[in-house]
Amino acid sequence: MADEVMEGGCACGRVRFKARVEDDEAYLCHCRMCQRATGSVSIAFKHVKAADVEWLGGPDWYDSSPIARRPYCARCGTSLGFIFKEGSDSMDLTVAAFDDPSRFEPKHHFGAESIHRAWLNTEGLPEMQTQDYQKLVDKWIDATGKMPH
Ligand SMILES: [Zn+2]
């Protein structure tokens, strides 16, 4: 796909962004800093030019180390990316923060020294869809009358 301005944001919607995306290539970062900052075994990032990101309503910034900081939402806690404090005109946005993350594909691993290998290939594990978990569906219907998307 060609250049495209894509939108995204945090879980609660307070922080929104528009970003020019040049290609479908993304990657997984497995470094311990990213694992800690996101609470995930790895984090999917899309690399973009910092000047191509327009923030609407935020973000908040976590000063995560002497060399980097991370945009996030202080209200809902969503991790939104990574940027070096100096010497770089690019940054990362978290893939799943995009409204439609489906075009992105992982092309490489970073922070490979702390990969949790048991989580890399999960193909073939039992799968269940959200709408097939009746206990959860009942809670959503009771609370809102419908399932979220
Ligand atoms: Zn939020």
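So what is the calculated 222 nm ellipticity per residue for the chain, using -39500 (n - 2.57) for each DSSP H run with n of 4 or more, over all residues, to the nearest 500 deg cm²/dmol?
Taken over the chain, the calculation gives -3500 deg cm²/dmol.
For the chain, modelled as a GNM with alpha-carbon contacts under 10 angstrom, which of F110, F98, F82 fluctuates the most?
Highest fluctuation among the options: F110.
Please work out the C-alpha center-to-center distance from segment 22-46 to segment 47-70 and express it in whole Å.
What the calculation gives is 14 Å, centre to centre.
If you count only protein heavy atoms with a 1.4 Å probe, what accessible area per residue comes out for the chain, rounded to a whole Å²?
On a per-residue basis, the chain sits at 65 Å².
Projecting each Cα onto the charge dipole of segment 73-149 (Lys/Arg +1, Asp/Glu -1 at the beta carbon, about the Cα centre), which of Q134, F98, N121 comes out farthest on the positive side?
Q134
Beyond a 25 Å Cα-Cα separation, which of these cross-linked pairs lie in this structure: K46/K146; K18/K107; K46/K135; K18/K139; K18/K85?
K46/K146; K46/K135; K18/K139
Measure nothing but the geometry: give the 0 to 90° angle between the long axis through the Cα atoms of 134-144 and the longest principal axis through the Cα atoms of the chain, rounded to 10°.
Computed tilt is about 80 degrees.
Choose one answer from P71, P126, P59: the residue with the largest mean-square fluctuation in a GNM of the chain with alpha-carbon springs under 10 Å.
P126
Ignoring ligands, DNA and RNA, what percent of the accessible area of the chain is carbon or sulfur (1.4 Å)?
Reported share for carbon and sulfur atoms: 52 percent.
Ranked highest first by the average count of other Cβ atoms within 10 Å around their residues, in what order do 85-93, 10-18 fall? Could you put the intermediate results ahead of the total?
Numbers: 85-93: 14.7, 10-18: 17.3.
Descending packing order for the listed peptides: 10-18, 85-93.
Which one, E22, E105, E123, has the greatest fluctuation when you compute a Gaussian network model over the chain with C-alpha springs under 10 angstrom?
Residue with maximal mean-square fluctuation among E22, E105, E123: E123.
The values are calculated or read from the model by the stated rules, or taken from the named source; none is laboratory data. Keep in mind that what you see is a predicted model, and the values were worked out from it rather than measured. Here the Cβ is made from the backbone with ideal geometry for all residues, glycine too, and neighbour counts use every protein chain on show. The area values use the complete protein model at the heavy-atom level, side chains included, leaving out ligands, DNA and RNA. Shrake-Rupley method; radii C 1.70, N 1.55, O 1.52, S 1.80 Å.
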